[in-house]
1. Taking square-rooted eigenvalues a ≥ b ≥ c of the alpha carbon gyration tensor, is the stretch 102-230 rounded, prolate or oblate, where a/c under 1.5 means rounded and, failing that, a/b exceeding b/c means prolate?
2. Sort 19-27, 190-198, 161-169 for me by packing, meaning the mean count of neighbouring Cβ atoms within 10 Å per residue, highest on top.
3. Assuming R0 = 22 Å, what is the FRET efficiency of GLN239 and GLU203, from their Cβ-Cβ distance, to the nearest 0.05?
4. For the full complex of protein chains and a 1.4 angstrom probe, list TYR219, TYR29 by accessible area with the highest value first.
5. Find how much the distance from ALA346 to THR231 grows on full extension, using 0.36 nm per residue of separation minus their present alpha carbon separation; answer in nm with one decimal.
6. What is the spin-label model distance, in nm, from LEU354 to ARG36 if the labels are put 7 Å beyond Cα along the C-beta direction?
7. Once you've got the Cα coordinates, tell me which of LYS72/LYS224; LYS72/LYS166; LYS124/LYS166; LYS42/LYS166; LYS72/LYS223; LYS47/LYS124 are over 26 Å apart.
8. Between TYR219 and ASP164, 0.36 nm times their residue separation minus their Cα-Cα distance comes to what?
Amino acid sequence: DESQEVDSLFGGIIRLTGEGEIPPGNPFYNDPDGVRCNATGKVSGKKCQELYAIGLRNPWRLAMDPNTEGDKIRFHVNDVGASTWEEISIGGDDYENAAELGWIGGLQNFGWPEREGPCNWGEKSNCNDYEGFIHPIHFYEHEGGGAATAAAFIPDGTWGEGYDGKYLWADFILGRIQMFDSYAEVDHCLDDCNPVVSLMPVETFTNYPDVVTMRFGPYVNGKKALYYTSTANGGVMRQVYCESCAYVTDDSTANGANVTLAPTAAPTAFVPPVRPEGEGGYPGVLFPWSSGADCPDGYDYCGILEFCMGESTSETGPVYGFRLPCPVGETCECNAVPGPLIRLTAGNIYKLTLRNAGTEVTNLHTHGLHIVGDGD
């Protein structure tokens, strides 16, 4: 394993400028043995100038802290373990040039393959000797499987003070997204516990399997939402927004609990108004928008549309239908009607939530969905 070798990029964190050059602050920038290793990933006997840190096994995601001041660098890195531990480690400016820790050439060193999680590789107890390596900020056993994958810091001010400084990460295998205070000062139980235990206070944010990426991005009216992707169910992207920390999502699951986004009426079947004859050239019906107080702040019109599958017959084959959201606990029909025409009027802001109410992956075009106009 080459994670402790400075002539290899494998198992390391690489830092480059926006133009692909070596930043002057990299440990081997001015080293007489420093060379670029990008062509093959390894130049025997030399020191790779791209390296910023070493000692990682499978660093699935590195998340930069957006809440630092100025140009300060602070990050967490999720390193997927081999046989025993998952770990999340911290790095950045405060951890770069501590020669007293014995780091090679000033490189941050996360320990692999000598260390896994808080311990020597393969061990679970007597793990307090961490000289020369960065100790993980949080760690946990595999529990029969585990892979710390996606991660994101919550930007300060996004969801209120109670969420400032918090760090979110997903475990691909265990099927959950969890959260902790990234600035918490914690003394883990390394001497008296067998196996050792992380004492980082951890909260479950939501449960969802196979999450591979997450990040915060634009929402509405200058606000931000969390976006995360999963390879489950054929591949999905989910969005979570918190208004005064009361979760709202576009897919009716949030914070580990179901959230019902009720329609303005509770229909047992959806028979929308027929589009006037001769309009547009698309067959179908007009989608009935809700407006005013029925919509979230910042939107003029809103609506929820469920795609569903009706009964398949030998004459028709699969029936691709649509309906307004089915109330919780009720059974609703899937109308075999032409797909809706969703009309947007200039100058208005719309929020349309699309849900797949069936059990199989579907495509929008199979339901005959058409969106026209020039609204936002």
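1. In terms of gyration-tensor shape, prolate.
2. 161-169, 190-198, 19-27
3. After rounding to 0.05, the efficiency reads 0.65.
4. From most exposed to least exposed: TYR29, TYR219.
5. 37.8 nm
6. Label at LEU354, label at ARG36, 4.3 nm between them.
7. Listed pairs above 26 Å: LYS124/LYS166; LYS42/LYS166; LYS47/LYS124.
8. The span from TYR219 to ASP164 would gain 18.0 nm if fully extended.
The values are calculated or read from the model by the stated rules, or taken from the named source; none is laboratory data. This is a predicted model, so every value here is computed, not measured. Every residue, glycine as well, gets a Cβ built from its backbone with ideal geometry; the counts of neighbours run over all protein chains shown. Only protein heavy atoms, including side chains, enter the accessible area calculation; ligands, DNA and RNA are left aside. Shrake-Rupley method; radii C 1.70, N 1.55, O 1.52, S 1.80 Å.
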